[in-house]
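Notes follow the structure.
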Amino acid sequence: MTTITVNGKQHEVAAAPDTPLLYVLRNELELNGPKFGCGLAQCGACTVHIDGKPARSCSVPVSAVKGKVTTVEGLGTPEKPHPLQAAFVAEQAAQCGYCINGMIMTASALLAQNPKPSEQQIRAALDGNLCRCGTHMRILRSVRRAAGGAA
Amino acid sequence: MNLGRREFLKGTGALVISFSIPELAFAQGQPDPKLQQLDAWLAVGADGQVTMFCGKVELGTGVQTALAQIVAEELDVAFGRVFMLMGDTALCPNQGPTVGSQTIYRAGPQLRQAAAEARQTLVQLAAPALGAGAEQLTVKDGMVSAPDGKNVSYAELVGGKKISRAFSGTAQPKSPDRHAVVGKAIPRVDLPGKVFGTHAYVQNLRMPGMLHGRVVRPPMPEARLERVDEASVKSLPGNVRVVVKGNFVGVAADREEQAIRAARMLKVQWTQSVELPKMEDMPAFTRATPSQDRVLAANGGVDAALAAASKTHKAQYYVPHQMHASIGPSCAIASVSAESATLWSPTQSSFNLRDAVALVLGMPREKVRLVWVEGSGCYGHNGADDVTADAALMSQALGKPVRVQWMRHDEHGNEPKGVAMVMEVRGGLDAQGNVAAWDYQVWSPGHAGRPAANGPGNVLAGAALGLPDNLLPTGADRNARPTYVFPNSRVTLHLLQSSVLRVSSLRGLGSPQNTFANESFIDELAHAAAADPIEFRIRHLKDERAIAVLEAVAKLAQWSPRPAPRGGRNAGSVTSMGRGVAFVHYDNYSGYAAIALQVQVDRASGKVSVERVAAAHDCGLIVNPDGLKNQIEGNIVQTLSRALLEDVKFDTAKVTSLDWVRYPILRFSDVPDEIAITLINRPDKPSVGAGEPAASPIMAAVANAIFDATGVRLRSVPFTSERVKAALA
């Protein structure tokens with residue numbers, strides 16, 4: 001049995017040690033936030049935080065997870081939204097929304113480390129996250145808004 | 001499992017309006033014989049909630065919200081009371097597939113009329129209760145009031161009873177000047193769940209006892225299965241099951257990661273005789289492919305006019321195969337028993353796919369229910385339908401619910417690709433520099449390979465069983481005909497009888513490709529005539545709405561007229577700025593979009609950066625201006641990606657663009673600094689769709705801007721750094 005801490009709760013998981021964290025989150029813990037996009041750490045849809053740092057859960061074996069895992073569900077709720085979640089709703093920054101988990105998790109890690117990022121820093125941080133609907137302009141506005149700048 | 005509409009509504013007090021779609025379409029003056037005779041339903045519950053049963057589905061474009069706005073408007077209830085139940089074949093009317101920017105255009109009037117009819121019925125019920133004439137009553141958020149202040153709610157009127165009314169067609173929808181909900185930027189109903197991670201996509205559904213399946217596919221769909229070595233996965237954990245039927249091979253296991261490993265380890269041998277052409281030969285190969293030729297439009301005498309022209313010009317354009325490239329690989333769940341089948345699918349075509357899967361399963365379609373569940377954005381016909389049939393076939397073989405999610409290489413490799421097309425235009429100018437002749441030809445196979453009862457082989461599992469496929473000619477001619485009015489013109493379609501790769505509908509079908517050619521060539525002629533590209537376009541237009549979007553985009557972009565490219569003046573500089581314009585009247589009947597954009601071309605590397613985009617858009621009456629802008633922005637960014645980067649790679653045997661490294665799409669570092677949009681609202685015109693128009697002019701606008709910047713004309717998409725660098729050398 002592997003033990004992991006997700007959104008403040010400890011879980012014993014039955015998965016084999018080499019199972020990517022993503023499948024444990026989705027299938028054992030029944031979390032909907034992290035998405036399977038590529039399984040290759042190329043698109044960012046599966047992004048979670050491990051000890052506050054963004055990690056591609058599709059490519060991290062569950063046995064290698066030593067830190068505390070936070071998913072988008074643990075970031076905020078409709079009652080107590082993370083500023084980025086509030087900003088994404090305010091800017092209506094989604095179309096299909098499949099990539100949005102990764103956008104919020106990557107951007108929230110950026111803002112935690114750099115609360116007032118420049119435009120270039122925001123774009124650089126999100127460069128490894130793919131969006132196919134073309135919602136980029138709204139996502140950028142949301143991050144700027146959450147950082148307290150002009151949207 | 002097969003809960004019918006009647007059972008669904010039983011026990012809940014409801015006013016039910018039922019009507020046949022053809023009847024309704026006729027009332028709207030838009031008879032559509034393709035829509036079959038099936039009841040559509042709207043139910044007002046005893047709790048005042050409204051359920052609209054809708055055959056169209058949400059693909060991430062916001063129609064769930066926009067259609068609910070239309071219903072709330074006509075019914076005079078608060079927006080939040082309306083619930084859209086979408087795409088379930090057991091509960092919803094067949095309003096046709098959710099395609100071609102037709103949802104607001106086609107389903108919008110149907111739902112508007114249904115809601116108006118429901119309101120009229122409720123007011124008629126209220127009149128005796130309130131002791132007043134129906135014409136004296138007013139309604140606000142489901143409360144019907146008489147002039148003397150007495151009132152009664154919709155919920156009270158329904159009073160837990162079931163009241164059925166047949167459609168009368170006598171209700172008059174509101175005139176647009178009375179709209180209070182339509183036209184407002186109401187926030188999307190699905191968005192909070194997507195932002196807080198609670199929204200259940202089809203990828204998130206979990207069924208009790210469900211197995212996880214994966215497919216094992218050959219390099220090309222035509223390959224024949226020779227041998228499956230089941231022993232190669234026997235020792236793997238997870239009770240691995242192998243499903244082989246015809247040329248179909250799949251594996252299932254107890255856990256998802258076990259199924260993924262089994263699919264990777266399973267040894268399968270295929271034989272394949274097809275040999276694909278070299279990619280660099282594609283334009284010539286396409287032109288040489290056997291075709292059925294048809295003149296789509298002709299006026300005057302093109303050949304004589306070309307011979308008499310003061311100046312003539314000819315150019316060939318090429319757009320390669322491109323892909324939908326959904327971020328979430330396709331996924332579906334099926335539960336199939338001997339008696340019935342239920343499919344949970346993100347399809348665009350609930351009813352047609354149900355029919356096709358019924359044939360794949362060998363079951364009557366009445367026994368098959370398809371429950372639509374939202375998936376990743378699709379932008380056309382991606383792997384959603386295929387994976388639904390995959391799951392169905394595996395569930396039938398294993399006798400348990402099976403969830404199949406494609407891997408990234410399955411989606412990139414197997415999704416039906418957008419069509420590769422060649423266009424050639426010859427043009428002639430008269431002595432005054434006006435277009436005297438326009439001779440347009442396009443070479444393309446059909447773009448519509450969606451599964452249906454007459455094409456069960458259009459899903460890969462159906463093809464693997466040898467069922468017939470059916471590629472419809474639709475889409476090759478989309479926007480081949482120019483909106484410009486020329487004294488002599490001819491448009492010829494060479495409808496190819498085969499395609500190099502498996503193809504089907506990608507956003508806009510043939511419109512982005514045809515518009516690339518039409519709008520590049522009009523630019524080339526403007527240059528030949530030493531005319532400003534916008535003035536030259538307007539000079540050849542009669543359609544006032546077309547002229548209006550071009551004038552609006554010129555204003556928004558602060559366009560300064562230029563009869564010649566600034567390319568020469570840019571010579572010697574490190575980066576060159578240029579601006580380009582392009583326009584479309586989508587599908588020659590739908591929305592109007594004009595794009596003006598600014599690029600910087602790095603002369604050393606060839607990299608093209610699109611800095612600023614201005615768009616002017618007219619799709620008739622606007623239902624939700626913010627949702628509309630979201631769609632326009634998406635069209636622009638996605639098609640910039642197609643214009644600058646996208647080209648499905650293949651070798652002689654297979655597609656090799658199997659991940660995001662080998663099929664790059666536009667990233668944050670390369671999206672524009674600004675996209676500015678002017679919306680032209682036309683309350684007196686029907687709402688047409690906005691899912692595609694703004695995509696069509698993008699490729700040409702970029703090519704025209706590169707020409708302005710450098711004096712070099714690019715006629716093959718994509719405009720990669722390598723290609724631009726080579727052109728500048």
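See the values below:
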| quantity | calculated |
| --- | --- |
| Radius, Kirkwood style, for region B:253-330 when every pair of distinct Cα atoms is counted (Å) | 19.4 Å |
| Exposure proxy ranking, count of Cβ atoms within 10 Å, fewest first, for B:MET207, B:MET84 | B:MET207, B:MET84 |
| Packing-based exposure ordering (other Cβ within 10 Å, fewest first) of A:THR3, B:THR103 | A:THR3, B:THR103 |
| Burial ordering of B:ASP659, B:ASP673, fewest other beta-carbon atoms within 10 Å first | B:ASP673, B:ASP659 |
| Along principal axes, Cα extents of region B:660-729, largest first, whole Å | 52, 32, 22 |
| Gaussian network model of chain A, Cα within-10 Å springs - most flexible of A:PRO20, A:PRO34, A:PRO78 | A:PRO78 |
| Computed P(r) (all Cα pairs; region B:634-692; 5 Å bins; percent) | 4, 13, 18, 16, 13, 11, 10, 7, 5, 3, 1 |
| Shielding by other protein chains, B:407-419, mean Cβ within 10 Å | 1 |
| Rotationally averaged projected area of region B:360-414 (alpha carbon convex hull; nm²) | 4.6 nm² |
| Residue-averaged 222 nm ellipticity for the protein assembly as shown, from DSSP H runs of 4+ at -39500 (n - 2.57), nearest 500 | -8500 deg cm²/dmol |
| Per residue, the convex hull volume that the Cα atoms of region B:135-237 enclose (Å³) | 370 Å³ |
| Computed log₁₀ I(q)/I(0) - Debye formula, equal Cα scatterers, no solvent, region A:54-119, q 0.13, 0.19, 0.21 Å⁻¹ | -0.42, -0.85, -1.00 |
| Region B:404-448 versus region B:473-523: alpha-carbon centroid distance in Å | 5 Å |
| Normalised convex hull volume, region A:83-146, alpha-carbon set, Å³ per residue | 69 Å³ |
| Region A:1-27 and region B:167-238: distance between their alpha carbon centers, rounded to Å | 26 Å |
| Share of alpha-carbon pairs per 10 Å distance bin for region A:2-75, given as whole % | 22, 63, 15 |
| Farthest positive-ward along chain B dipole, Cα basis, beta-carbon charges - from B:ASN434, B:ALA604, B:ALA694 | B:ALA604 |
| Net charge contributed by nearby residues that have their C-beta within less than 10 Å of B:THR710 (K/R +1, D/E -1) | +2 |
| Orientation-averaged projected area, Cα convex hull of region B:421-728 (nm²) | 17.4 nm² |
| Fraction of antiparallel bridges per DSSP, the protein assembly as shown only, in percent to nearest 5 | 75 percent |
| Local net charge near B:LEU658, Cβ-Cβ under 10 Å (Lys/Arg +1, Asp/Glu -1) | +1 |
| Considering only chain B, percent of DSSP beta bridges that pair antiparallel, nearest 5 | 75 percent |
| Normalised per residue, the volume of the convex hull around the Cα set of the protein assembly as shown (Å³) | 168 Å³ |
| Per-pair calculated FRET efficiency, R0 = 35 Å: B:SER721 and B:GLN432 via Cβ, rounded to 0.05 | 0.30 |
| Centroid-to-centroid separation of region B:338-370 and region B:64-140 [C-alpha atoms, Å] | 28 Å |
| Semi-axis lengths (Å, descending) of the ellipsoid that matches the C-alpha gyration tensor of chain B | 43, 37, 22 |
| Semi-axes of the equivalent ellipsoid for region B:602-729, Cα gyration tensor, largest first, Å | 30, 18, 13 |
| Candidate lysines - alpha carbon under 19 Å from B:LYS654, same-chain residues fewer than 8 apart omitted | B:LYS267, B:LYS278, B:LYS417 |
| Neighbour net charge for B:LEU236 - beta-carbon separation under 14 angstrom, K R +1, D E -1 | +1 |
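Laboratory data are not the source of any read-out in this text; all were calculated from the coordinates shown. Not measured: the values here are computed from a predicted model. Every residue, glycine among them, receives a Cβ derived from its backbone with ideal geometry; neighbour counts consider all protein chains shown.
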